[in-house]
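Notes for the one structure printed next.
The values are calculated or read from the model by the stated rules, or taken from the named source; none is laboratory data. Predicted model, so just to flag it, every value in this text is computed and none were measured. Note that we place each Cβ from the backbone using ideal geometry, even for glycine, and neighbour counts take in every protein chain shown. Remember, those area values only see protein heavy atoms, side chains included, never the ligands or the DNA or RNA. Shrake-Rupley method; radii C 1.70, N 1.55, O 1.52, S 1.80 Å.
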Amino acid sequence: MEYKPSLKKGIFIRGSFLYLDFPSKTIHEFSSKIDQLIKLAIDGYDHNLTVNPKNKRLGLTFWITQRKLDEFWEDLENYIHLKMYHTRFEEWYVVIIKLKEKFDTSIDFKLFENHWKFDPALEKELIHFRTHLSTKHKRLGKMVGRNKPCNCGSGLKYKKCCGKKLKATFTSLKSDISKTIFLG
């Protein structure tokens, strides 16, 4: 599957209007979360905030990094490609916040475009990604409500994303236990 970021004119303007289309309370929450991620970025890892606006078939990711472009670009591309595949969105805006030195940052805007089609390799990668995130959330002790947005950043409700897999595992385990007790 051919997958390249778009360098069309107007990305900044289109992305800005997308961002400003959110309610002011949500924008304030984004700003607060981005500030938190910038403070966390001293750990040397990339951090991101990904959202999917309601009633729009596109995604928005804020990517915070201290690494050089050639060091993080492949990770960013893979992440966005997987997100686009998972959500079946054909447009994804990325705001890259590059931390250079203390209080010195640069911001870049990218638009990724891709036409969705089924890909068995991406299906496997998506399962691995979900399993990794589910394990990470359990390890960190993060609890999320069924009807809250999933912590993996997919933009879906937890019950329709990572919770669905967890429920299937629990149902299977419960069935195995009941068979053992009944037959045992």
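Within region 125-137, residues that are modelled with pLDDT of 80 or more reach partners that are part of a helix (DSSP H, G or I) with beta carbons closer than 9 Å, at six or more positions or on different chains, in the pairs Glu125/Asn78; Glu125/Leu82; Glu125/Tyr85; Leu126/Leu82; Leu126/Tyr85; Leu126/His86; Ile127/Lys165. Evaluated against (1) open to solvent by 100 Å² or more (accessible area, probe 1.4 Å); (2) aromatic (Phe, Trp, Tyr); (3) modelled with pLDDT of 70 or more, Tyr158 falls short on exactly one condition, (1).
In region 3-39, the residue that is modelled with the highest pLDDT out of those that are part of a loop (DSSP other than H, G, I, E, B), more than 19 Å from the chain's Cα centre (by Cα) and within 17 Å of Thr50 (Cα to Cα) is Pro23. Restricting attention to region 57-81, the residues that are modelled with pLDDT of 90 or more and aliphatic (A, V, I, L, M) total 4.
Every condition in (1) hydrophobic (A, V, I, L, M, F, W, C); (2) more than 23 Å from Leu40 (Cβ to Cβ); (3) open to solvent by 30 Å² or more (accessible area, probe 1.4 Å) is met by Leu126 except one, and the failing one is (3). Is it the case that some residue within region 41-48 is in contact with a Ser or Thr (Cβ under 8 Å, 6 or more places away or on another chain), in a loop (DSSP other than H, G, I, E, B) and not acidic (Asp, Glu)? Among the residues of region 41-48, not one is in contact with a Ser or Thr (Cβ under 8 Å, 6 or more places away or on another chain), in a loop (DSSP other than H, G, I, E, B) and not acidic (Asp, Glu), which makes the answer no. Of the residues making up region 54-73, those that are closer than 13 Å to Lys98 by Cα and open to solvent by 10 Å² or more (accessible area, probe 1.4 Å) number 9.
Filtered by the rule that a residue be without any contact (Cβ under 8 Å) to a residue 60 or more places away in the chain and either touching a helix residue (DSSP H, G or I) at 6+ places or on another chain (Cβ under 7 Å) or farther than 25 Å from Phe12 by Cβ (or both), region 102-115 gives a lone residue, Lys102. Report, by residue number, each residue of region 76-133 that is aromatic (Phe, Trp, Tyr), out of contact with any Asp or Glu (no Cβ under 9 Å at 6 or more places or on another chain) and either over 21 Å from Tyr19 (Cα atoms) or assigned to a strand (DSSP E or B) (or both). Across region 76-133, the qualifying residues are Tyr93, Phe103, Phe109, Phe118, Phe129. Number of residues in region 10-53 that are open to solvent by 30 Å² or more (accessible area, probe 1.4 Å) and of a type in the set (A, V, I, L, M): the value is 6.
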